[in-house]
Amino acid sequence: MASVTAPNTVGSHVATISTIERDLAGDFVRVVEEAGIAAARTMGQGDREGSDQAAVQAMRQAFEDVQIEGTIVIGEGERDEAPMLYIGEKVGAPGHAGAQYPQIDIAVDPLEGTNLCATGTANSIAVLAASEPGGLLHAPDCYMEKIIAGPACRDALDIDAPVKYNLKAIAHCLDRQVSDLVIMVLDRPRHEELIKQIRASGARIRLIPDGDLSAGIAAAVRGAGVDAVMGTGGAPEGVITAAALRCLSGEMVARLVVNTKELEERVEKMGIRDPKRVYNARDLAPGKQIIFAACGVTEGALLHGVRFFGDGCRTHSLVMTYGSRKVRFVDTVHMFREPGRRGVRLY
Ligand code: VTB
């Protein structure tokens, strides 16, 4: 792949855009692993805020060793409501004279599915997406309407069309019947009508308690048993999903739900001129270089959860890059101390 020269240098080397992905993918795996391990320690404690805090703190600390000039563009909220990983916060290793680190925009969700972790339910993950500056939409913390499917459904989805139209289109693109489809929907009262319409079309449904981000990734890969995600979830999760979909060539159409005066003003302040704009994955994550990293916290369809075993633990992560087209599953044994006589456990 042709490399484009980025404005920064790393040490004495010129940082090309392709080296950003190559150099940082491993670092970002470590960042989500640390967040994932910290959250997993709180699994099932029934304290969603405590779980989130553990993940946030560990992620914040892990960033301190990454040689970037990072800016959080999607995080835990505004500075006054979040002590760490707030929007606009600078993260990364402190630079030193003569070393300028690459500027990176970062969207984080240190614990996606706080309830899932707090209740020990499947599919909570620690996740982030990163790109060159400007490569991720600065979305407000509001709701977003979403339809997400795999690469076969490219340009076939229409957020304004009736549910049955989109289901027929998805079935057509996948060369199967509507009745064969599995659609994931967040189990929320606001989806009552959507669920009714999906059922009336004959498609099958998997209701999920939380976690439309990992559901979106599952819809974009083959063999995960889900063909599409439909409904309204968080906009920040939507942008991070879009970053993953860019790496997987998945399809997404989305629109912010801007339904109050206050939100309208907030959206405008964030530089979004048309609050009703329909976005696709490229609009939400337009970066030329994108890194997506996620670590399983509780056991899930895509990623195993963290397993502790006395001397250490084992994590399962996914790291994907857009420019260099890599999808890696990373299986790591973390040793907290020198392994005892039983040695490193491999399962
Ligand atoms: C979804 C879900 C997330 O937020 O985006 C949801 O995927 C939307 O908010 O895991 P509501 O809970 O208000 O419906 C999460 O649950 C994370 O907060």
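The values are calculated or read from the model by the stated rules, or taken from the named source; none is laboratory data. If you're wondering where the values come from, they're calculated on a predicted model, not measured in any experiment. So basically every Cβ, Gly included, is an ideal-geometry build from the backbone, and we count neighbours across all protein chains shown. Calculation scope for accessible area: heavy atoms of the full protein, side chains included, ligands and nucleic acids excluded. Shrake-Rupley method; radii C 1.70, N 1.55, O 1.52, S 1.80 Å.
Just a few scattered comments:
- Based on protein heavy atoms only, the stretch 143-284 ends up with 48 Å² per residue of surface accessible to a 1.4 Å probe.
- Each of L284, I240, G250 was scored by the projection of its Cα onto the charge dipole of the stretch 143-284, and the greatest displacement toward the positive side belongs to G250; charges sit on the C-beta of Lys, Arg, Asp and Glu.
- Pairs of alpha carbons in the stretch 143-284 separated by more than 24 Å make up 25% of all such pairs.
- For the peptides 137-148, 40-51, the ranking by packing is 137-148, 40-51, with the highest mean count of neighbouring Cβ atoms within 10 Å listed first.
- Shape analysis of the chain yields a ratio of the Cα radius of gyration to the Kirkwood radius, Rg/Rh, of 0.97.
- Ellipsoid semi-axes in whole angstrom, largest first, where each is sqrt(5λ) of the Cα gyration tensor of the stretch 58-214: 38, 18, 13
- Accessible carbon and sulfur surface of the stretch 143-284 relative to its total accessible area, %, 1.4 Å: 46
- Exposure of F336 as accessible area (Å², to 10), given a probe of 1.4 Å and all protein chains: 90
- Candidates E262, E33, E21, ranked by Gaussian network fluctuation over the chain, Cα under 10 Å, top entry: E262
- Its residues counted as N, the stretch 233-344 yields a C-alpha radius of gyration over 2.2 N^0.38 Å of 1.46.
- Within the listed set R277, R246, R307, the Gaussian network model of the chain (springs between alpha-carbon atoms below 10 Å) gives the highest mean-square fluctuation for R277.
- From its DSSP helices (H runs of at least four residues, each -39,500 (n - 2.57)), the chain gives a residue-normalised ellipticity at 222 nm of -9000 deg cm²/dmol.
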